[in-house]
Amino acid sequence: NTTLPHRPSVAQGFGRPNLDALFQTTVGGRYFDEDHTTGGARRFVPGEGSWAQNLVVANSTKEVVVALVYTDRYAAIGAASLNVNQLDVKVWDGGYYYLGNTLDSAGYSLRTNIGLAGDTHNTVELIRIRPGEIVGGDFALEVVPVSINGKAVPNLDGTSSNQDFAVYVFNAQ
């Protein structure tokens, strides 16, 4: 039984979240939730581009945490992959970026300027950025619809495939 000092990890997943720490009010946080109207402002359909938001670090002495969550369409019985739809989350900081669930041994997201593949297995993606690492304090959050092959939100978009999502950003305004 291995317990690591950070989460998520291969050995323990996300573990038990400390909601007090995430939703306390001394540092700013932003919430973005899908739109279940016919306009679909924050819901993806095939062929639609990324959704992005410019943000500013609220407190440079604290880490920035981004969590993307979505419920995927169920896969067909016997399908080679359990993923039907796939979304990725990125944080852009100048010429560098962070991808969901690409963490170093200390549990912080890797800062890179080379093309890394996003997480192709999970519908929860986490980005953890060390305090003070975002240059200049402003950054861009992006949710990328990698593939939209099934209808995840019933009763909307006619017969088209679609996918909704929610994002929480700790320490941003």
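Listed values, structure above:
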read-out: Gained length - Asn54 relative to Tyr74, 0.36 nm times residue gap less alpha-carbon distance; value: 4.0 nm
read-out: Rough spin-label spacing in nm, given labels placed 7 Å along Cα→Cβ, for Asn155 and Thr112; value: 4.1 nm
read-out: Pair-distance profile P(r), taking every C-alpha pair of the range 58-160, with 10 angstrom steps and integer %; value: 14, 41, 27, 15, 4
read-out: Relative contact order (percent, whole number), the range 84-173, Cα cutoff 8 Å, 6+ residue spacing; value: 33 percent
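Quick note: the coordinates plus some simple rules give every number you see, no bench work behind them. All figures in this text were calculated on a predicted structure; none of them were measured in a lab. Reconstructed Cβ throughout: ideal geometry from the backbone, glycine too, with neighbour counts over all protein chains shown.
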